[in-house]
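Undergrad: Here it is, the structure, as structure tokens.
The values are calculated or read from the model by the stated rules, or taken from the named source; none is laboratory data. Please read these numbers as outputs of a predicted model, since none were measured by experiment. In this analysis, Cβ positions are derived from the backbone assuming ideal geometry, glycine residues included, and neighbour counts consider all displayed protein chains. Only protein heavy atoms, including side chains, enter the accessible area calculation; ligands, DNA and RNA are left aside. Shrake-Rupley method; radii C 1.70, N 1.55, O 1.52, S 1.80 Å.
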Amino acid sequence: MNNKIPSIFLSYSSNDNECAEKIYNFFFERGIRLIKYTCDLTVKDNLFLFMDKILSSDYIVMIISDSFLKSKYCLYEIVKITERNNYSKTLLPLVTVSLEKDCIDNYIKHWQKERQKLSCSSEEIKNSESYKRDLEIINKGISILPSFINEITQDKYLETYNEKSLGDFLVKINFMPSTHFEYLNSILNAETFFQREQAFIDYLKIERGAENGYYYFFKARSFEKDSQFENAAFYYAKAIEQNENLDSAYIALFNLVLKGFSVRDTPLDDNKIMKFINSFRKIHEDEAIVYIVEGLIEFKKENYKCAQEKFEKALELEPTNPIASNNLGNVYEKIGLPNEAMLYFKKSIESDPNYYQAYNNLGILLCNCGKKEKAIPLFEKCLSIKPDYIYCINTLAIAYEDTKLEKSIFLYFLASSLKTKNNEAYCNLGLVFEEYLKNKEVAKILYEIALQISPQSIPNNFNYGNYLRRYTSQYNDSLRFLLKARKQKNNSCLIDYSIGLTCYKNNKKKAAYKIFKKIISEKNDFAPAYYSKAIYELNDLGDVNSSKETLLTAKKSCKPYAPIDNLLGIVYMKENDFHQGKCMFESALKIDPNFSSAHINLEGTSEIEFGEDYVDLSFCRISNERVSKKYDLSLKNLKFIDSLM
């Protein structure tokens, strides 16, 4: 196979996008990236200057259709092609319209009418450069169109999209021998991984030294077809190392990185990705996909300002790129600008109504803004586009927990069955069994399955650590799992708070007190930390005034929180201010009518209830720091445990 990559310009009308996409993909699968205006034209480019690339290209594939022959831009490309010496030898025409003489005459008449319309323009327009250019294109087009049609019809041309003929073209331009094309087709068309592997073995038998850039590229495509992304990434990297000019391998690798980020499983380390980006820039102008990949790397490092700049640069180059818009929305959500995030998620959907990730992200944003009823249709729309999108199945299951628990549980099991090693589904299912079904034995099994699948997962360590604190006296083990989660996510007040609660239960109360104070200093609107600090001050230090001051500060700094009002009521009762105490218990019940401790305290029929268990924030999603309320729900005749065996 020829190691030199031919430059091939794809000339077509925008009305023929579907056919153009098939041709583009055919060549891409064989390691050739066509020059195509929807891929390579950016907003900073002049369309006519871009089309001048047709002169410097080695070959041209042209889709000649009715709309093509009536397009001013396509006519310009015909004019430019005829300026090449022996242009018919470097041209592969795909003709989808009749080229009989009477038909050609009709196209000539069409352009004569267009010239007549142009001549009726105002004097101001006639003096413009664009008028002169358009008139020159039409005049030249009318002059050369008959001879151009005659020239291309002398040789065989395609009448429909035909892979064999496109393969013959690759053989004709000496890109690959015909025998190689047959083996390559057997690799690409094989239905199973084992069939493809056998085809690779057969291919190596006929090609000495075939383990070159193209071989590794085809190998990578095979692995990607089977969703073996890490292996695919490895072989794309090998392909680039073998042939630094193999731009199809760069683009495939960058797209794979995007897929990797979407499933939060980056197939290559950041330094190696940046090395490939720098190599790609040596042979190409800036492209949107490169900035998107750079932006994702910065986003992962939590360098949100830099990530924002990269995604904005990508949108400058491609204003309708849905991936760039979607990720810019993610940045705005992270920096606390939900309205801006919402705009970019919606822009992503407008750019590509089938871009399912944007529906999911917009749904998550609405959930976090307390608009779950508006989020659920977006999750459902996402799954209607991609039914096996596990991340969305998980988020929809979370959204259904409060109102459609049976459906939520079904979705978690669906997610775990779609991907055997889907630790998130097992972890979330554990939360459902523990929180809603009050079945801690099954919950423990599910948490442990999740940990076996992904021992480093933050949610897995977080939830299992909390489980051990609540239901066992294994406080040291609980701390071990929580600290493991803390090590990987340094800025999570939820994890810190859980560590504080575990320290408190383990009689390391001074350490817990320091943790609660530290959380308040870093996040002064986190009500549970105020509550637990006040509990320590009241119960362990016996300092009623400090406890009262902490609670009053919480009421100013935090959103309404029933445990705070309930505890403040207790403080007032200890000061013998029974009226204020009663008011606080009533206030707690206004915030949460189901808060039983405030009911008990208001009735005064038993000992004072602190409601300590209420602020055990174990039932949460670390991924978006969503805290779930507790509900007294029960379902009869649920026999899901059999599904786990």
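Undergrad: Let me know the shape class of segment 478-519, please: from the alpha-carbon gyration tensor, a ≥ b ≥ c as square roots of the eigenvalues, rounded when a/c is under 1.5, otherwise prolate if a/b is greater than b/c, or oblate.
TA: Details: a/c = 2.66, a/b = 1.34, b/c = 1.99.
Verdict is oblate for segment 478-519.
Undergrad: Can you flag which of Lys282/Lys334; Lys517/Lys555; Lys518/Lys590; Lys109/Lys140; Lys238/Lys275; Lys505/Lys582 are past 22 Å Cα-Cα?
TA: Numbers: Lys282/Lys334 33 Å; Lys517/Lys555 16 Å; Lys518/Lys590 30 Å; Lys109/Lys140 14 Å; Lys238/Lys275 13 Å; Lys505/Lys582 30 Å.
Exceeds cut-off: Lys282/Lys334; Lys518/Lys590; Lys505/Lys582.
Undergrad: Related question: Using θ = phi - 60° and the Karplus curve 6.51 cos²θ - 1.76 cosθ + 1.60, what whole-Hz ³J(HN,Hα) does each residue of segment 81-93 get, with Gly and Pro shown as x?
TA: 4, 5, 7, 7, 6, 6, 4, 5, 6, 10, 10, 10, x
Undergrad: If packing is taken as the average number of other Cβ atoms within 10 Å across a peptide's residues, how do 118-131, 575-588 rank, most packed first? List each step's numbers first, then the result.
TA: Values: 118-131: 10.6, 575-588: 16.8.
With the highest mean Cβ count within 10 Å placed first, the list reads 575-588, 118-131.
Undergrad: Further question on the same structure: Under the rule a/c < 1.5 gives rounded, and otherwise a/b versus b/c splits prolate from oblate, where does segment 213-363 land using the Cα gyration tensor?
TA: It comes out prolate by the Cα gyration axes.
Undergrad: Can you tell me the equivalent ellipsoid semi-axes for segment 323-397? Use √(5λ) from the Cα gyration tensor, largest first, whole Å.
TA: Working: eigenvalues 64, 42, 18 Å².
Here the semi-axes work out to 18, 15, 10 Å.
Undergrad: At 0.36 nm per residue, minus the direct Cα-Cα distance, what do Gln452 and Glu241 gain on full extension? Give it in nm, one decimal, please. All intermediate terms of the calculation are to be shown ahead of the outcome.
TA: Numbers: separation 211, 0.36 × 211 = 75.96 nm, distance 3.59 nm.
So the extension gain works out to 72.4 nm.
Undergrad: Thr153 versus Asp58, label points 7 Å from Cα toward the beta carbon: distance in nm?
TA: Inter-label distance under the simple model: 3.1 nm.
Undergrad: Still on this structure, please answer the following. Say each of Lys89 and Leu337 gets a label point 7 Å from the Cα, pointing the same way as Cα to Cβ; how far apart are those two points in nm?
TA: Those two pseudo-labels are separated by 5.7 nm.
Undergrad: Kindly write out, for segment 443-453 in residue order, the coupling ³J(HN,Hα) from the Karplus curve 6.51 cos²θ - 1.76 cosθ + 1.60 (θ = phi - 60°), rounded to whole Hz, with x marking Gly and Pro.
TA: Values per residue, Gly and Pro as x: 4, 4, 4, 5, 4, 5, 4, 4, 5, 5, 5 Hz.
Undergrad: Here is a follow-up. Relative contact order for segment 225-348: what percent, with Cα pairs under 8 Å and sequence separation of 6 or more?
TA: On the way: 124 pairs, mean separation 19.9, N = 124.
Relative contact order here is 16 percent.
Undergrad: Sticking with this structure for a sec: How much length is gained on full extension from Asp477 to Glu575, taking 0.36 nm per residue of separation minus their Cα-Cα distance? Don't jump to the answer; show the numbers that get you there.
TA: Numbers: separation 98, 0.36 × 98 = 35.28 nm, distance 3.99 nm.
Gain on extension, Asp477 to Glu575, equals 31.3 nm.
Undergrad: From largest accessible area down, sort Leu501, Leu145; use a 1.4 Å probe on the protein chains. The partial results should precede the final answer.
TA: Values: Leu501 30, Leu145 5 Å².
Ranked from most to least accessible, the order is Leu501, Leu145.
Undergrad: Counting only protein heavy atoms, what percent of the accessible surface of segment 68-146 is carbon or sulfur at a 1.4 Å probe?
TA: On the way: 2120 of 4400 Å².
Of the solvent-accessible surface of segment 68-146, carbon and sulfur hold 48 percent.
Undergrad: Starting from the Cα of Lys117, step 7 Å along the direction of its Cβ; do the same at Tyr73; then give the gap between the two resulting points in nm.
TA: Output for this residue pair reads 1.7 nm.
Undergrad: Roughly how many percent of the accessible protein surface of segment 272-412 is carbon and sulfur, given a 1.4 Å probe and a whole-percent answer?
TA: Working: 3200 of 6170 Å².
Here carbon and sulfur together make up 52 percent of the probe-accessible area.
Undergrad: Go through 565-571, 9-15 and give me the packing order, highest mean Cβ count within 10 Å leading.
TA: Values: 565-571: 26.7, 9-15: 21.0.
In decreasing order of mean packing, 565-571, 9-15 become 565-571, 9-15.
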